[in-house]
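Rule-based calculations on the coordinates, nothing more; no lab input. Everything numeric in this text was worked out from a predicted model, so none of it was measured. Ideal geometry is used to build each Cβ from the backbone, glycine not excepted, and the neighbour counts take in all protein chains shown.
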Amino acid sequence: MTGSVTAMKVAVVTPNETDSTLAAGILADQGMKTMVCGSLEYLGSLAGTEIGCVVLVEEALAGSAVDGFRESLESQPPWSDLPLVLVAARESSLSAMVEGVFPRSGNVALLQRPLHPVSLVSAVNVALRSRERQFEVRDLLALRDRDVQRRDEFLAMLAHELRNPLAPIRNAVYLMAALDYVDPLFLKCRAMIEKQSRHITRLVDDLLDVSRLELGKVELRLQRVDLNDTVDAAVEACAPTTLAHRHVVNVRRSKQALPVRADPVRLEQVIGNLLVNASKFTPDGGTIEVEAFAQGRSAVVCVADNGVGIKPEMLESIFELFTQDAVTPARTDGGLGIGLTLVKRLVEMHGGTVRAMSEGFGAGARFEARLPLDREAPRRESMPEGAVRAAPSRRVLIVEDGADTRESLGMLIAAWNHEVIYAESGPEGLHRAREDHPDVAVIDIGLPGFDGYRVAREIRCEGSPWSRNVRLIALTGYGQAADRARAIDAGFDVHVLKPVDPAVLQALLIAPERAAAAAR
């Protein structure tokens, strides 16, 4: 609860008993609670939220306790700036006192002797009101943190509930593509389903990424990459979106390599979000220009379009969370207003900058992201053993309670010439694992009976060579960092989010250590 002026204590710190009795009496007459301390040593451990302000005489600023009190002040939480009322003799230099003893304190009132009671009461009242406002900020921050936690819990659950139905949809689309069926209507419908499932997956991923970025839980896996290659990968990944709108995408790569230290997945996400944003606000048949080049010490990627443009007053706020420039009443391609927020935060995490440019309505827009060039000599990275290897047939156990997900996943794995075993609950999955000794087990986390974490732990506790060597893959809709850590602690080798890309799953079954990075 927010502290009130009457509930807070005024700490009076002086080695002179007469001064302390007098000051405490003056403040008590005004209804203020006081706490008398003979030295800073006693106060140091009490400089908490119950203290409204500290009245401190210069004679108390002696001994080793001063350093401890200064450290206590400097270690306050961000919302706190404990008010100090310093009292010194007329001939003393108050400014030197503050600069020498409390140089980082920004909430100091200075009084000189002889001290008038009215001056003391006035200074303490101002200090207590200041402290009361700090407590209000503290309480608001606590409410915000609580709401952020609730939001994150809701988003995690929402993502889980959305990923579960997306998994069989994506699996079915993949299987449909393998059919020798050329009916135009069939092909058109399959393409529509694939496009929209990818769109929903992107929205879910963006929602969770914003949450993780705000909490500082996004960890970059930096390596030396060529920005040219990342541009090509992003353009290819966004091709279904741009082709659907008949956009002409012109790509100009740099003739020289553009080495940067970056997380290749996150960097592709940055460029992909810029491309999706350009496509969203460019009329069908429009043009999108993508260019990568070096400028000074920076590698630059620009995405420009000839679409609706951005109003001048929106150029700065366009990167803020949930901001959308309603430039046209008919927005057929919606969005959550978070794609550009992700772009800005991810670029800044890489030590770069991003800006938007537009001459206004109807003039198109240009986004420019800059990253520091990596001038260090490239490190030679050896190819992992077994990176290229014939795919052996595996016995694969699928433990999944969702019938559509289980069946579609089994059809995928069987199409890759693996033997498939099914289980619908935690206890059944554990029983089938013990009976059939699979090479790989793909296990959902939320299962009836008991969850996938327990299945993994029980398998690992068997103590047999099989239980130590079986590859355990957690396939789940829960994608927070804590979920991944919990899965690894339970004994899983890999934590994969639904809907998993079939190509990633195929690689996981035969070379999980190689594909794990792609699955994260």
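Globularity index of the range 395-519 is 0.93 (Cα radius of gyration / 2.2 N^0.38 Å, N = number of residues).
Across all directions, the shadow cast by the convex hull of the range 8-81 built on its C-alpha atoms averages 4.8 square nanometres. Directionally averaged projected area (the range 143-214, Cα convex hull): 5.2 nm².
With Rh defined as the Kirkwood radius, the inverse of the mean 1/r over Cα pairs, the Rg/Rh of the range 127-178 is 1.53. Arranged from fewest to most other beta-carbon atoms within 10 Å of their beta carbon, Asp152, Asp436, Asp374 become Asp436, Asp152, Asp374. Rounded to whole numbers, the Karplus 3J(HN,Hα) couplings from phi for the range 296-312 are x, 9, 10, 9, 10, 10, 10, 10, 10, 9, 10, x, 6, x, 10, 5, x Hz, using 6.51 cos²θ - 1.76 cosθ + 1.60 with θ = phi - 60°, and x at Gly and Pro. Partners of Lys33 within straight-line reach, counting lysines whose Cα lies under 20 Å from its Cα and excluding those fewer than 8 residues away in the same chain: Lys9. For the range 295-311 and the range 439-497, what is the centre-to-centre distance using only Cα atoms, to the nearest Å? A separation of 44 Å, based on Cα centres.
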